[in-house]
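Novice: Could you have a look at this structure, given as structure tokens, before my questions?
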Amino acid sequence: MLVIGEKLNSTRKKVREMIENKDVKSIQDLAIKQVEGGADILDVNSSAAAGDKEENMKWLVKTVQKVVDIPLCIDSPNAEEIERGLEVHDWSKGKALINSITGEKEKLNRLLPTIKKYKCAVIALAMDERGIPDNSKTRVEIADRLIKILAGIGVALRDIFIDPLVVPIGTNDNNGLVTMDTIRRIREAYPEVRIVTGLSNISFGLPERKLINQVFMILTMGCGMDAAIIDPTDKRMMAIVKAAMALLGEDNFCGEYIRAYRKGKLTLEK
């Protein structure tokens, strides 16, 4: 299970202010805490911060990678920001991931040359010009098209991360079921492709959001999800991930689970 740390995102007011104020220590502390919590990759998004968008992204990537030894997920709706992030990414620390492309032709065409140039890994969202489909069949069709396009420019299947899309269950009872069915179908059709979710969207607008997120994590892992953008400093969530991996046969002789226990990281405290 690949854990992508979600907290360095400028849509969060405190992080936006850190970027605008070029608060190196606070940004680096937040990065370190996520890695200590178990993050394998850190998502970095500076788009909501005021100022030069491209320079903000370059500053954020360089600032974070000075203190962590893992790759970053360059997250932006803007192709130019993504390219600036890839330019300064320290590739000796691993392959960069970009977040994201969709089936929308204009956005896809803007980013394909960048993906080919940098040979990065890619998150691809199962949506297109029509928006987010309300059924798994259409989402899978879009995912299939994106996988073939990316493979066609040389992206290895293992470097393709399909996001089946998580829509709040508060708006439709079936939203969780559609996501899970999409995961199952993609996993069956493409065993090598990764499946990633922005998990916390499922609980938007509901009380005790962490409870719903934690249960949804277990359910989606059982369907074949193998990466998630989550808060790695959430001790209960990380303990649930370790336990689920052991139960799903993804932890050889429960080695990761036992190591986490010995480090005092298996806890159900909030």
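Novice: Kindly evaluate K265 against the criterion of being of a type in the set (K, R), surrounded by 14 or more Cβ atoms within 10 Å (Cβ to Cβ) and under 27 Å from D173 (Cα atoms). Steps first, please.
Specialist: Working: of a type in the set (K, R): yes; surrounded by 14 or more Cβ atoms within 10 Å (Cβ to Cβ): yes; under 27 Å from D173 (Cα atoms): no.
The answer is no for K265.
Novice: Would you mention how many residues in the range 247-268 are under 15 Å from I218 (Cα atoms) and in a helix (DSSP H, G or I)?
Specialist: Of the residues in that region, 1 qualify.
Novice: While we're on this one: Considering only the range 88-192, give the helices (runs of 4 or more DSSP H) lying wholly within it that have at least 3 residues that are of a type outside the set (S, T, N, Q) and under 17 Å from A228 (Cα atoms).
Specialist: 175-189
Novice: Give the residues of the range 77-97 that are under 19 Å from Q34 (Cβ atoms) and either without any contact (Cβ under 8 Å) to a residue 40 or more places away in the chain or hydroxyl-bearing (S, T, Y) (or both), sorted by residue number. Quick ask: steps written out before the conclusion?
Specialist: Applying the first criterion (under 19 Å from Q34 (Cβ atoms)) to the range 77-97 yields 85, 89-90, 93-97.
Correct list: H89, D90, K93, A96.
Novice: Kindly evaluate T138 against the criterion of being surrounded by fewer than 19 Cβ atoms within 10 Å (Cβ to Cβ) and not hydrophobic (A, V, I, L, M, F, W, C). It would help to see each step written out before you state the result.
Specialist: Working: surrounded by fewer than 19 Cβ atoms within 10 Å (Cβ to Cβ): yes; not hydrophobic (A, V, I, L, M, F, W, C): yes.
The answer is yes for T138.
Novice: May I ask you to list pairs of residues, at least six apart or on different chains, whose Cβ atoms are under 7 Å apart, with the first in the range 177-189 being at positive phi and the second being surrounded by 20 or more Cβ atoms within 10 Å (Cβ to Cβ)?
Specialist: none
Novice: Moving on to the next point. Pairs needed: first member in the range 239-262, on the phi < 0 side of the Ramachandran plot; second member anywhere, of a type in the set (G, A, S) and part of a helix (DSSP H, G or I); C-beta distance under 7 Å; at least 6 residues apart or different chains.
Specialist: Qualifying pairs under 7 Å: K242/A260; L248/G222; Y257/A243; Y257/A246.
Yes or no, residue by residue, for (1) out of contact with any Lys or Arg (no Cβ under 9 Å at 6 or more places or on another chain); (2) assigned to a loop (DSSP other than H, G, I, E, B); (3) more than 19 Å from I98 (Cα to Cα):
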| residue | (1), (2), (3) |
| --- | --- |
| V3 | yes, no, no |
| T11 | yes, yes, no |
| I19 | yes, no, yes |
| K22 | yes, yes, yes |
| Q34 | no, no, no |
| L42 | no, no, no |
| A48 | no, yes, no |
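Novice: Can you spot a residue in the range 196-207 that is modelled with pLDDT of 95 or more and more than 26 Å from M127 (Cβ to Cβ)?
Specialist: Yes.
Novice: Next up: Filter the range 36-73 for residues that are within 19 Å of L2 (Cβ to Cβ), of a type in the set (A, V, I, L, M, F, W, C) and in contact (Cβ under 8 Å) with a residue 40 or more places away in the chain; which is surrounded by the most Cβ atoms within 10 Å (Cβ to Cβ)? Give the derivation first.
Specialist: Initial filter on the range 36-73 (within 19 Å of L2 (Cβ to Cβ)): 36-45, 64-65, 68-73.
Those left that are additionally of a type in the set (A, V, I, L, M, F, W, C): 39, 41-42, 44, 64, 68, 70, 72-73.
Add one more test, that the residue is in contact (Cβ under 8 Å) with a residue 40 or more places away in the chain, and what stays is 39, 41, 44, 64, 73.
Details: A39: 25, I41: 24, V44: 28, V64: 24, C73: 26.
Going through the qualifying residues, I end up with V44.
Novice: Select, from L150, L146, L165, L111, the only residue that is surrounded by 15 or more Cβ atoms within 10 Å (Cβ to Cβ), under 22 Å from L60 (Cβ atoms), assigned by TED's automatic domain parsing to the domain that holds D43 and of a type in the set (A, V, I, L, M, F, W, C). Talk me through it step by step, then tell me what you get.
Specialist: Working: L150 fails: under 22 Å from L60 (Cβ atoms); L146 fails: under 22 Å from L60 (Cβ atoms); L165 fails: under 22 Å from L60 (Cβ atoms).
The conditions single out L111.
Novice: Filter the range 232-256 down to the residues that are in contact with a Leu (Cβ under 8 Å, 6 or more places away or on another chain), surrounded by 18 or more Cβ atoms within 10 Å (Cβ to Cβ) and of a type outside the set (A, V, I, L, M) and list them by number.
Specialist: Scanning the range 232-256 gives a single hit, K242.
Novice: Taking the stated definitions as given, is G205 in the same structural domain as D40 (by TED's automatic domain parsing) and exposed (fewer than 14 other Cβ atoms within 10 Å of the Cβ)?
Specialist: yes
Novice: Quick one: how many residues across the range 193-210 are farther than 19 Å from I229 by Cα and in contact with a helix residue (DSSP H, G or I) (Cβ under 8 Å, 6 or more places away or on another chain)?
Specialist: Residues in the range 193-210 being farther than 19 Å from I229 by Cα and in contact with a helix residue (DSSP H, G or I) (Cβ under 8 Å, 6 or more places away or on another chain): 1 in total.
Novice: Another question, then. Can you give me the number of residues within the range 160-188 that are farther than 16 Å from P133 by Cβ and small (G, A, S)?
Specialist: Residues in the range 160-188 being farther than 16 Å from P133 by Cβ and small (G, A, S): 1 in total.
Novice: Output the number of the condition that V68 fails; it satisfies all remaining conditions of (1) touching a Lys or Arg at 6+ places or on another chain (Cβ under 8 Å); (2) within 30 Å of E104 (Cβ to Cβ); (3) in a loop (DSSP other than H, G, I, E, B); (4) not small (G, A, S).
Specialist: So V68 meets the others, but not (2).
The values are calculated or read from the model by the stated rules, or taken from the named source; none is laboratory data. The structure presented is a predicted model; accordingly, all values stated were derived computationally and were not measured. Because the Cβ atoms are built from the backbone with ideal geometry, glycine has one as well, and the counts that use them run over all protein chains shown.
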